[in-house]
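Single-structure report; data block below.
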2 protein chains.
Amino acid sequence: MSRQAGEPAEADVPAEPTGVPTMFDVARRAGVSHQTVSRVLNGLTGVAASTKMRVEQAIADLNYTPSPAARAMAKRRSGSIGLILAGRPDYGPSNAALGFNEAARDSGYTVSQASMRSLDADALAQAVHRLVLQRVEAIVLISGERDGVAVVSGIDAGVPIIAVASEPAPEGRPGPHRVAIDQYAGARLATEHLIGLGHRVIRHVTGPPDSMDAAERRRGWVDAMAEHGLDVREPIAGDWLASSGHAAGQALVADPDATAVFVANDQMALGVLHACHAAGVQVPGDLSVMGFDDIPEAAYFTPALTTMRQDFDALGRDVMSTVLDVLGAPGDRGASGDGGAPGMNGGKHLAPERTTRVPELIVRATTATPRA
Amino acid sequence: MSRQAGEPAEADVPAEPTGVPTMFDVARRAGVSHQTVSRVLNGLTGVAASTKMRVEQAIADLNYTPSPAARAMAKRRSGSIGLILAGRPDYGPSNAALGFNEAARDSGYTVSQASMRSLDADALAQAVHRLVLQRVEAIVLISGERDGVAVVSGIDAGVPIIAVASEPAPEGRPGPHRVAIDQYAGARLATEHLIGLGHRVIRHVTGPPDSMDAAERRRGWVDAMAEHGLDVREPIAGDWLASSGHAAGQALVADPDATAVFVANDQMALGVLHACHAAGVQVPGDLSVMGFDDIPEAAYFTPALTTMRQDFDALGRDVMSTVLDVLGAPGDRGASGDGGAPGMNGGKHLAPERTTRVPELIVRATTATPRA
DNA sequence: GCGTCCCGCTCCCAAAACTCG
DNA sequence: CCGAGTTTTGGGAGCGGGACG
């Protein structure tokens, strides 16, 4: 009886709804029960075609849309996935996140983002916690930091966690599900390209120590060199930023032996190029430079950068596909990964291809045969 | 009575909760009623310190966290804001989104992301629609497209919409709330820097026609030139990508008069630099080049790029601050902007500074006095 | 500080309507 | 015309918390 008094006394016909219409409003208008409305809403069978039509008409008339909160409460499923993007919003992560976002939407999931510039352990743990409070059904972590994944593994989130991580899980502690592009293979390809050109002394500029991608790229370089019987020189440490590439470049130009360098990402390669130019070192005449990522600008570096292209968009989709697998596999809800028999992923959603993607070599103008 | 039969006959003591604990579980454990729990949860007064402590202990013991769905339903507030990031995830938008995300979190809001690579009208309208279905309390659009804002203005979302848009609203149709960095002022600063150096023929490479930022930067360039009595040459059309900058650069090097160029963003400036290098045109000796944005790589272009720095992170925070204002101002819930008296924004949250930010000139090595 | 009702929807169960032989 | 078997539909009890009285 909280209705306003003084209404035209119209028997007991419930007044027209004022705020957002509910299922009951629709039901009344269609002359059916709320239950029937629920049925047509969820596409259940057992509703006469004519009734269904009436209900749909009423829904349209009222401009009714179901309340996600009520639905989530009743079904005990939020229908949303948490996404944590930690660190600088670089080309790779941003694009992977976008691909993931679109894939999630296509699968009917909503994505709740908890991004942050910082990648310290506390902040990360808090982000996971906030997402858990939100009752997301899974958490996706995009941040190549090894420690980040470790932090997250340590949390018993109660929901599956899927991380973009190119390194395999450490023995014994499975941790989150891992998805990635094969950095190791890409690095080998890059190094072999240089070797194939005839280079013998190929140096490497790494990414930051805590980056798994950086470690895998370095490992690929080491293995390729070793396999070809080439000397593995001490790598030069970088941090993904062009500035560190610049510093590395200054060290490189002082190395009389090096005829080529495999730089762990394009931004640093830009820095190297800059240093070479400043020092009068010709690229690729005096030094061949190889990048990694193929950011859109790479083709317009001076000279145009030879690099490894990665399909980040596809990576994002792979992540979502993994989420679906994990969510579809009952009994696997929890932070820890597949402790059971591998390969027996019996979810209703199966990733069409679970083979890891490999970066693609894009040859441009910074690599050539070494000087005679 | 849906309990499993065969339980140890233990009178009628409600069984220990099995799944996620609820308020009632907490209440029982603390020996209070469920809404006393609610009170301490919401920090309301009127709870004895001792009781409060018991409740808190119970909460901790049970590891209880309130259900956001239930709360949303009861309070009729989702506590979440929708974010649409449309188009390529470039440096600017990505960082603004990050800043926004962090600010939203700090304000206790959750952000539901609906991003997409495409920026066509339909996709955008659908994104808005999906967000509305999710009952977000406001929608933020980050995408410099004029049409995007137009599309969104046309939708009666029923919730406030805040767009990053550097152009003022067209007369008559206020549309969404607008927040931006002052592109016009930045462009004037850039142009004046060049003029101050002594350049007379300064050309301009624009961003895509539908970009508001591009239009404002162009307008700034035009006005600055005109005010100094300089000839306003036909601008060269670009699309933000380095490739278009490269094409523009090729046209530029063929222009014997031009001694400087103001390029609408750093990526295109990179393309211009590339073209200059290929054509043997010295920068800044023969041609001064000015960029816009100051992406992290700009300092390592060859030569290092003079450009205008924008604080995207702050922009993101400004957006959130505006959202808070709008949400705090009752009676303004709807897609249309402030039809009322401006300045009287009486929300409980007031942006500390609502003055528009201006980009900052970063002088590096691509600009100099024109050749004699 | 506690009882009570309500938020908007889903699920379980039963009632009604219809089909046929 | 009846009863059994099938649809189609409706009733009511939660789900987990918030606002009053």
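The values are calculated or read from the model by the stated rules, or taken from the named source; none is laboratory data. This one's a predicted model, so the numbers in the text were calculated from it and none came from an experiment. Counting neighbours? That spans all protein chains shown, and the Cβs are built from the backbone with ideal geometry, glycine included. Accessible surface is based on the protein model in full, side chains and every heavy atom, while ligands, DNA and RNA are left aside. Shrake-Rupley method; radii C 1.70, N 1.55, O 1.52, S 1.80 Å.
Against chain A, whose longest principal axis comes from its Cα atoms, helix A:266-279 is set at around 30 degrees. Compared with the dominant principal axis of the Cα atoms in chain A, helix A:91-106 is inclined by about 30°. If a/c stays under 1.5 just call it rounded; otherwise compare a/b with b/c (prolate if a/b is bigger, oblate if not). Do that for the range A:98-149, with a ≥ b ≥ c from the square roots of the Cα gyration tensor eigenvalues. Oblate.
Sorted from shortest to longest, the distances between the A:ILE362 label points of this copy and the other copies are 2.3 nm, with each point 7 Å from Cα along the line through the beta carbon.
I need the semi-axes of the equivalent ellipsoid of the protein assembly as shown: take the C-alpha gyration tensor, multiply each eigenvalue by 5, square-root it, list largest first in whole angstrom.
Values: eigenvalues 520, 252, 96 Å².
With the √(5λ) rule applied to the protein assembly as shown, the semi-axes are 51, 36, 22 Å.
Starting from the label point of B:ALA279 at 7 Å along Cα→Cβ, the same points in the other copies fall at 3.1 nm, in ascending order.
In the range B:89-122, burial by the other protein chains removes 30 Å² or more of accessible area from B:PRO89, B:SER94, B:ASN95, B:LEU98, B:ASN101, B:GLU102, B:ARG105, B:THR110, B:VAL111, B:GLN113, B:SER115, B:ARG117, compared with the chain on its own (1.4 Å probe, ligands and nucleic acids ignored).
Counting pairs of alpha carbon atoms under 8 Å apart in space and at least six apart in sequence, what relative contact order in percent does chain B give? Don't skip to the answer; put the middle values down first.
Numbers: 703 pairs, mean separation 58.5, N = 372.
Contact order relative to length: 16 percent.
Roughly how much accessible area, to the nearest 100 Å², goes out of reach of solvent when B and A pair up, both sides summed, probe 1.4 Å? Don't skip to the end; give the middle numbers.
Values: alone 18820 and 18810 Å², together 33590 Å².
By this definition, chains B and A bury close to 4000 Å².
Let a ≥ b ≥ c be the square roots of the eigenvalues of the Cα gyration tensor of the range A:120-253; is it rounded (a/c under 1.5), or, if not, prolate (a/b larger than b/c) or oblate? Since a/c reaches 1.5 and a/b is larger than b/c, the shape of the range A:120-253 is classed as prolate. Structural size metrics of the range B:23-66, computed from C-alpha coordinates, are Rg and Dmax of 8.8, 24 Å.
Between A:GLN282 and B:SER50, the distance separating the two model label sites (each 7 Å from Cα on the Cα→Cβ line) works out to 9.0 nm. Taken one residue at a time, the phi angles of the range A:138-152 give Karplus couplings (6.51, -1.76, 1.60, θ = phi - 60°) of 7, 10, 10, 10, 10, 4, x, 5, 4, 4, x, 4, 5, 4, 5 Hz. Gly and Pro are set to x. A:HIS129 sits with roughly 100 Å² accessible to a 1.4 Å probe, with DNA, RNA and ligands left out of the calculation.
Which of rounded, prolate, oblate describes the range B:183-309, given a ≥ b ≥ c as roots of the alpha-carbon gyration tensor eigenvalues and a/c under 1.5 marking rounded, otherwise prolate only if a/b is larger than b/c? Before the final figure, lay out each step's value.
On the way: a/c = 1.37, a/b = 1.14, b/c = 1.20.
Here the range B:183-309 falls in the rounded category.
Label separation (A:SER33 vs A:ILE155): 4.4 nm, computed from points 7 Å beyond Cα along the C-beta direction. Using a probe of 1.4 Å, the accessible surface attributed to B:LYS75 totals some 110 Å² when neighbouring protein chains are kept in position. Rolling a 1.4 Å probe across all protein chains gives B:ASP286 an accessible area of roughly 50 Å².
Taking 0.36 nm per residue of sequence separation and subtracting the Cα-Cα distance, how much length would be gained by fully extending the chain between A:ALA226 and A:GLN126, in nm to one decimal? Write out the running numbers ahead of the final one.
Numbers: separation 100, 0.36 × 100 = 36.00 nm, distance 4.26 nm.
So the chain would gain 31.7 nm between A:ALA226 and A:GLN126.
Sorted shortest first, the separations between the A:ALA251 label point and its copies elsewhere in the assembly read 4.4 nm; each point sits 7 Å from Cα along the Cα-to-Cβ line. May I ask for the angle, rounded to the nearest 10°, between helix A:312-328 and the longest principal axis of chain A, with both axes built from Cα atoms and the value confined to 0 to 90°? Taking the Cα atoms of chain A, the angle to A:312-328 is about 50 degrees.
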